[in-house]
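The values are calculated or read from the model by the stated rules, or taken from the named source; none is laboratory data. Not measured: the values here are computed from a predicted model. Ideal geometry is used to build each Cβ from the backbone, glycine not excepted, and the neighbour counts take in all protein chains shown. Just the protein is used for accessible areas: all its heavy atoms, side chains included, with ligands, DNA and RNA removed. Shrake-Rupley method; radii C 1.70, N 1.55, O 1.52, S 1.80 Å.
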Amino acid sequence: MSPEPAGEAVSRSGNSFVGDLWVNFVRWNIKAVRNPFVLVVSLVQPIIFLVLFTQVFGQVATGAVNQGAADISYETYLVPAIAMQVALAAAATSGVGLVNDIENGMFEKVLVSPMNRTAVFLGKTAAEVVRIAAQILIIIGLGVLLGAEVATGVVGALGIVAVGVLFSFWFTALSNTIAVITKDQESTIIGANLLQFPLLFVSTAFLPLAVLPGWIQTVARFNPVTYGVDAARAIMLGRDVMTVIEVTAFGGVYDTLVPAVAVLLALAVGFGSVAVYMLQRASSANVQ
């Protein structure tokens with residue numbers, strides 16, 4: 001029997017981008033189902049924040065949010081912030097999963113396989129997106145039970161989920177980049193958590209920009225959390241809430257959504273490119 005032409009052998013063994021993405025999407029979903037502890041931990045803390053902040057600081061914070069006029073309840077104001085916190089917390093665990101792969105040798109097997117590196121990263125990210133979307137819906141539902149109101153209804157709730165998913169991309173990429181660099185679970189957890197809480201508190205997540213100290217206002221203008229929270233809050237309230245960038249060209253809620261989404265897209269592309277580059281640069285030798 002004559003040997004097969006080289007071209008046929010290559011095409012028969014070649015992987016498709018979509019196939020590689022799907023394989024990784026399924027694998028990471030299976031891992032999540034088998035380890036529900038991670039899912040619970042990344043959701044419990046934001047729930048505690050939502051309940052405690054609304055119950056303990058609700059009356060005081062409502063005055064700061066409305067500047068003396070009782071218009072928006074603190075529950076309504078806070079839900080978008082907690083939705084972004086859920087996205088941050090879930091994205092932070094993304095790198096931990098990658099470190100587990102490195103430690104048990106699975107990452108090395110992926111590196112020596114013919115899988116497309118971009119598809120590997122996107123498949124993993126897509127699996128995490130499903131988890132983040134489900135958790136944000138839980139937060140919105142709990143917020144409504146506590147008295148929050150979504151002015152834009154069900155469509156608005158889905159819009160908040162979409163913003164949370166988009167917002168999570170940059171931090172997911174950063175978490176995976178830290179994992180590839182450190183190859184250590186504790187370092188990845190510490191690195192992600194060191195960023196997570198400062199980013200939340202030096203943003204417009206819990207209070208309006210106008211009532212924050214001057215130096216925090218300056219930091220908040222460059223803080224990705226501010227743009228994620230403002231986009232989600234604009235949908236929640238059905239009005240323009242952007243204070244860090246003055247835009248009037250689009251009208252109403254879109255004066256917040258358009259610039260905020262543009263910033264989040266730029267961050268996702270930038271950090272995602274770095275994460276993919278780090279995966280492409282990785283080799284069997286440097287994951288030992």
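General remarks:
- Compared with the dominant Cα axis of the chain, that is its longest principal axis, helix 153-182 is turned about 50°.
- In order along the range 93-107, the Karplus-derived 3J(HN,Hα) couplings, from 6.51 cos²θ - 1.76 cosθ + 1.60 at θ = phi - 60°, round to 6, 4, x, 5, x, 5, 4, 4, 4, 5, 5, 8, x, 5, 5 Hz, and Gly and Pro are given as x.
- Note on the range 140-210: Kirkwood radius taken over Cα pairs, Stokes-Einstein applied at 25 °C and 0.890 mPa s, translational D equal to 168 µm² s⁻¹.
- Annotation: Glu186 carries an accessible surface of approximately 130 Å², with a 1.4 Å probe and no ligand, DNA or RNA atoms counted.
- Value of Rg to Rh for the range 153-264 (Rh from inverse mean 1/r over Cα pairs, i.e. Kirkwood): 1.02
- Within the range 75-136, the percentage of alpha carbon pairs spaced more than 17 angstrom apart rounds to 51%.
- Gaussian network model of the chain, Cα within-10 Å springs - most flexible of Leu166, Leu194, Leu207: Leu194
- Cβ-Cβ FRET estimate between Phe17 and Leu194, R0 fixed at 41 Å, reported to 0.05: 0.75
- Label point distance in nm, Arg281-Val40, each placed 7 Å from Cα along Cα→Cβ: 3.8 nm
- On the basis of the beta-carbon distance and an R0 of 30 Å, Arg221 and Asp71 show a calculated FRET efficiency of 0.75.
- Within the accessible area of the range 156-217 (1.4 Å probe), percent carbon and sulfur: 75 percent
- Å² per residue, accessible surface of the chain at 1.4 Å: 47 Å²
- Between Leu265 and Glu103, residue separation times 0.36 nm minus the direct Cα-Cα distance comes to 55.1 nm.
- When shorter helices are ignored and each DSSP H run of at least 4 residues is given -39500 (n - 2.57), the per-residue value for the chain at 222 nm works out to -26000 deg cm²/dmol.
- Length gained when the stretch Val130-Lys31 is fully extended (0.36 nm per residue, less Cα-Cα span): 34.3 nm
- Structure remark: mean-square fluctuation, Gaussian network model of the chain, C-alpha springs under 10 Å; the largest value among Pro208, Pro36, Pro46 belongs to Pro36.
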